[in-house]
Every structure is written in structure tokens, then in C-alpha cells.
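Since every read-out is calculated from the coordinates, none of them should be taken as a lab result. Everything quoted here is computed from the prediction, not taken from an experiment. Virtual Cβ from ideal backbone geometry, glycine too; neighbours counted across all protein chains shown.
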Amino acid sequence: MGVHTKIVLRAAAPETQAWISGRRWMDFKLTCEFYKKLYYIVIELHNNLVLYLYLHSKGRRRRNQMQKIYMCCFFVFLTQKALIVSSGKRDEVEIKVQKERGAGDKWWFNQQGAQDEMLLTLHSPADAIIGRYSLAVLLMSPDGRILEKKDKMSFHLLYNPWCKDDVVYLPDETQLQEYIMNEDGIIYMGTWEYIKSTHWNYGQFEDYVMDICFEVLNNSNDALRNSQMDIEQRFDPVYVSRIIAAMVNSNDDRGVLTGRWTEPYSDGVAPYQWTGSVPILRQWSKAGVRAVKYGQCWVFAAVACTVLRCLGIPTRLITNFSSAHDVDGNLSIDFLLDENLQPLESRGGRDSSWNFHCWVESWMRRDDLPKGNDGWQVLDPTPQELSNGVFRCGPCPVTAIKEGNLGVKYDAPFVFAEVNADIIHWIVQRNGQRRKIRVDHATVGRNISTKSVYGDFRDDVTLHYKYPEGSKKEREVYEKAGRRVTDVPSESSEPGRLQLSIKHAKPVFGTDFDVIIEVKNEGDQDAHVQLTMLAMAVTYSSLHRGNCQRQTTTVMVPAHKAQQEVLRLRYDDYAQCVSDDHLIRVKAFVEAPGENEPLLTVTDIPLSRPEVFIQVPGKAFVCEQVKASISFTNPLPVPLKGGVFTLEGAGLLSSTKIHVSGDISPGQTVSIVVSFSPMRTGVRKLLVDFDSDRLKDVKGVTTVVVRKKYRNIFPEITECY
């Protein structure tokens, strides 16, 4: 029996760009036209979560939304009353579908017929399994023979944070526009005193990204071990987010990124060169799920943010300044120095303190935990410690960290230490004995930051993680968390008569600068002290890269006076050893007769870098060519070799590299012009990175407002094909 069938998908979602997302509890509309008499129609809906198939973003739906199917025919009977969820292999899970509207946790359908047309409404529950669904129309004879079968059409079903019954429901529309819909973000880096912002292209709505996100899930160890069990648990964002935290790194599985914290990066891409998640995800998929080289904490977190937003889980990237990595769980980070103030990394264990560390927070209800643990959950894909045998962290409720509830799943003790541990400095003497010289109680977990939902500026969320320093509630939380207090001096102990501090301006990379060390004498007698000043190059993760300058001098400090010494740092002193993070760590150490303990103070000085300047003259229209002028001036006293610009922007252009021919002399300005055709309307960000042999991680960003040139009779269509 010949049949002509035409199927058209239409969707309506509650977000601004409704057509790009398909979520639980949304309408799914299917129009079928038949020109031959039919005996039976069977609608099959399959959730295929293993086979990879590219789908355009219009095929996305969110769970807990009405799916409407229109059929125009002469004679129709609907006989199928079950949905078959398939892994793409042999194992299948049958999901019963009720004939009429029922409880909110059930699949159900309703049909209405009028002459030659029938409307079928298919409804997914708020806890439906997310994934790629395939729909087919079968024409069957009364004896069960298949007469005709319409090729399967596919759509993705996502979490629905607009639905009150979904566990990822977020009631604030402003936050939803930021934590689900915004494809551009800001990552905060540097030090707690000198915070710098770096723009990032999440690109969760770019071509192929959604399919790759499900490919990430499909290649997890859980999915490969037991695909049926894995599929059955994908209704739960706790399970899915934990899988993502493991899969973004490649330590245990077919993960996306390989981490590397030291040079060389010649067989891959240096972490600081990335400006967005999309090239990373595409490269991973195109290479046959082979890990991409290389990432560090902010890259891991940014890729996780892309995947989680794409799947419909509200997510934001967090930066914790002065972040502790407490391996032994005693809530203290021990730094061991020799008598020359050189770090004894081999004896200090694996404890460390990073200038900053990035993770993500995802919003969800925690039905697996007692009340009070809903809301933001910490997820950390950077491979630091094992969690249930896998390198991952979380999800861990932020409220549990603030209240010191360390028995809560997952990994609460580790996250608590990241924002609360003490820093203890020891000098290891020649005979092997340790001498405690400094304890910092309030150094760790400062200026915890995320991008504001109201614009491109920083939002401080430190008080979400802990109570104010020194407050009564803070002490109660520490006791509740089992904080180690033995052998730790009280903060209320009387300070000595000598005070030591370091002062400096904000230096620019490539220039000479001074660091001022001040010794203040609060006593009634003059003090004769020995002052040692040491400057060294370090990474943001506290790895020592080499000494820059060292001075030791004897200083007489009059009673009730202060004496200053200057440590001069020239470009030649730090140029050869400075890391890609452009950080100089300065230590000042004072010993004086009559003082029980020596004094040590430490500060990290970031060297600021120039910017890349970008201009996009005129107005930008979708599908029409735009020119961007990009320029950079070499601020160093030496030539730069191997210069390369990297550009990308969600809805503007894919990642593009442009190499600079020849050397860039000191003070020379190099300019390029790039042409591209914006693919989508809206407020877009064009991101540019410049790197060379001696100067790396130079960023630039500009906003491009892309408009429609002509009035569109289909206002929902805002993409260029």
C-alpha cells in the first residue's frame, strides 16, 4: 500500500529562544498527511543514547512539556500505548504511557479527532530520562503486518529548569537567562588582591555541541559497563553531573581533556591559549573521543559549564582565591622551607595552596539528601583526588560546606578544606627538625567569585561558603567540622614587637619594578635584625620555577619606628624563569636577638600584561560580512617570535588562528583585519588571544550586536544556514 507522509516538527518553549531547546513538560507537535486508506497507525518513541547522530538544535525539547502530534488521514486507529527506551544496543526498557492525563510523573497521551485530522498530545513527565529520542510512524494492517514505516525523526529531551516539578527548577528568570541561555562568560583569575577577568565562549548552542555532550555521557565508564542501567539513571541530574565531573578530565576514562601544569605543551594546545569550550569538544569528538591536550582548572571548569548548561542544568563557574588542596584531610596546608627559604616540595607531601582554583556550581534539588541541601552544588572536574575510585568531585551542597556538614555526599571534606584550611609555614633545619614560623588562619578561601547575572562584573559569593571570619558562627562551624586545633596558635595571641610587611605597585610585565619590605618596631628599644628578601617565579598552583633575586642585610629599626628596604627587580632578573602565569612570589624573613620566633611574610605579585585591541566598525547583520580590526603592541624590550592570534565567538565565527609573519620588534604594533559573517542575531562577544615565544596569554574582547537586515516573516528563525 503506497503512502505519502509528511512530518513537521514544531515546538514552543518558555525561554527567549524557545525553538533551540526541547525540555521536559513541553509540547511536541507532529503533522502526518496520508493519501491512502490506513488500517492502523503505531507511534514509536525511542530514546537512543549510544548511537551518535548529528541533529540541528531545533530538535531539542525539554522534559515535562506537552508533545503534540497532528495526523491528517482517512481512517486511523492508535494502538501503541507504550514507549520503548532503547540504548541503541539490544537492551531495552519499556515505559508505559497512560491513555489520558494522569499523575505528573507519568508519560501520557491524549488524542482528538475531527474528520480527516487527529491531534495526539504526548506529555513527558518532569523526571523523564534525558537523551536523544527517535520517533517513527508505522502503518499496519489488522493482522499486524507493517505496510509502511516513516523514517525516524529525532529530537533531544533536556532537563527543564523552567518547570516547577523538575528537580533543576530555578524560579528566577534573570538567573535562567545567565546560567542556561548565556553562551558567553567571564572567568576570574590572578590573586585575591589583584583579580583579573578572562572572557570565555561556552557556546552551548553552537552546531554539534549538543550531540557531543550526549557523546560525553555515552563514553563514561558507567555507560560502557552497563548502558541500560546508565540510561535508567539519566533522569537524575545528581547522577548525570557526577558523570560529567569525571568525563571532562581523562584520567580514568575516555574523557575530554588531559591536564598539564608545566611546559612543554608543544604536542597540544597550552591551557592559556583556549578561549572557548567548543573547539575542545569538537576536537575530542572528531578525534574519536581521544583526550584533547591540554587543560588546567579553569579550562576543565569551563568545559563542564558548557556541557551542563547544554543539558539544561543551571550552572555557573566559580573561582576560589587562595584555594587549599588538603590531601590528608587535617585542614592544614604545610609549607616546608629550608634555611635559605627555598621550598622543600619533595618533603612537603602533596598539600598545596593555589592562587586560584576554578570549579562549577550547578542548581538542583537533592532528593537523595536530608532537607536543607538543595540549591547550588559544587562540581569539580579538575583531577585532584579520587571520589569513589574516580578523579572527580561533587556534587556537594554549598549549604553543607557553610554549615560544616561534612558527612553529606559528595566529597564535602575536600571542598570544605579548599575554602577553610590553615596555612602553616615551617623551616626545616639541617638536623631535620621543623620550626614553625607562621600560621595563616584567614588566608584560604578569599573573594570567591562568579560572573554577575546583571552584567560583565564580579559577584562575590564568599559568604555562601562560610560565615564571616572571626564570627561566633564561624567558630561553631569549625568545631562541628572537627577542625584540628591542637598545636595551632590562637589568633588572639599577642603579636611580637616587630611587624613585617611587603608593599609594591602593580608592575607591568617587561618593566623593572621595586618591592618595598617594611620592618616596624613596636617595642621600646631599638632592634637590630637580619632581613632576608627573596623573589622567585612561581605558577598559580605554587610550583617553583626559579629564583629572580635575593638579598640579605642587617637593619637597625629604632623603637616605635619603621625601616624600609627596597628589592629591585629588573626584567632581566625574571624574564628567563617567569611562568606563563606571570607571578613573582616575594618572601621576607626577619630574625632578631630577643625575639622568640622569626617573622615571615609572603606575597604573590602578578605582572600585568597588555591587551589586544579590537574594533568592529559599522553595524553587524546576520549572514553579512563583517570586518574586525585587531592590533597588538609589543611592550617588551626584546623582539617577539612566532606570534599567533586566535579568534572565536559564539554565533560569530568558529575558532580561527592567524599567524604573524616575522618578528615583532620592541614597541612595534602589528595589525590584522579579519572578515566573518555572523550566524546568529543577538549580543555577541568576539574573543581574541595573542601568544608568542616570550609573551603569552594576551587577551582582547569586544561586543558585537548582530541584527536582522530585513523583516523576517518567520521571527523565530534567527540563524544563518
Next item on the list: Report the dimensions of the range 601-715 along its three principal axes from the alpha-carbon atoms, largest first, rounded to Å.
Entry: 63, 41, 21
Item checked: Asp172-Thr258 pseudo-label distance in nm [points 7 Å out on the Cα-to-Cβ vector] -> 4.1
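Using DSSP to define loop residues, name the GluC sites (Glu not before Pro) in the range 167-220 whose beta-carbon has at most 16 other beta-carbon atoms within 10 Å.
Values: sites: Glu173, Glu178, Glu183, Glu193, Glu206, Glu215; in loops: Glu183, Glu193, Glu206.
Those satisfying the criteria are Glu193.
For the range 184-423, what class follows from the C-alpha gyration tensor (a ≥ b ≥ c being the square roots of its eigenvalues): rounded when a/c is under 1.5, otherwise prolate if a/b is larger than b/c, else oblate?
Oblate, because a/c is 1.5 or more while a/b does not exceed b/c.
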Next item on the list: Set the Förster distance to 41 Å, then compute FRET efficiency between Asp526 and Thr462 from the Cβ-Cβ distance, nearest 0.05.
Entry: 0.50
Item checked: Coarse-grained scattering of the range 245-317 at q = 0.18, 0.28 Å⁻¹, given as base-10 log I(q)/I(0) from a Debye sum over alpha-carbon atoms -> -0.64, -1.44
Item checked: Above-threshold pairs, the threshold being 29 Å between Cα atoms, out of Lys587/Lys657; Lys293/Lys451; Lys402/Lys520; Lys506/Lys619 -> Lys587/Lys657; Lys402/Lys520; Lys506/Lys619
Next item on the list: Let me know the volume per residue of the alpha-carbon convex hull for the range 489-590, in Å³.
Entry: 119
Notebook entry, point to check: So for the pair Asp207, His659, with labels modelled 7 Å out along Cα→Cβ, what separation do we get in nm?
Noted result: 2.6
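So which GluC sites (Glu not before Pro) in the range 401-481 pass both tests, a DSSP loop state and at most 13 other Cβ atoms within 10 Å of the Cβ?
Values: sites: Glu403, Glu418, Glu469, Glu474, Glu476, Glu479; in loops: Glu469.
Loop-located and lightly packed - Glu469.
Can you give the charge dipole size of the range 498-606 about its Cα centre, rounded to the nearest 20 debye, using +1 on the beta carbon of Lys and Arg and -1 on the beta carbon of Asp and Glu? Numbers along the way, then the final one.
Details: 10 positive and 15 negative charges, 54 e Å.
Dipole size: approximately 260 debye.
Could you work out how much longer the chain between Gln564 and Glu597 gets when fully extended? Use 0.36 nm per residue separation minus the Cα distance between them, nm to one decimal.
Length difference between fully extended and current span is 9.8 nm.
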Notebook entry, point to check: How far is the Cα center of the range 212-235 from the Cα center of the range 333-406, in Å?
Noted result: 25
Checklist line | Linear extension gain, Ser266 paired with Val428, 0.36 nm per residue minus alpha-carbon span | finding: 54.6 nm
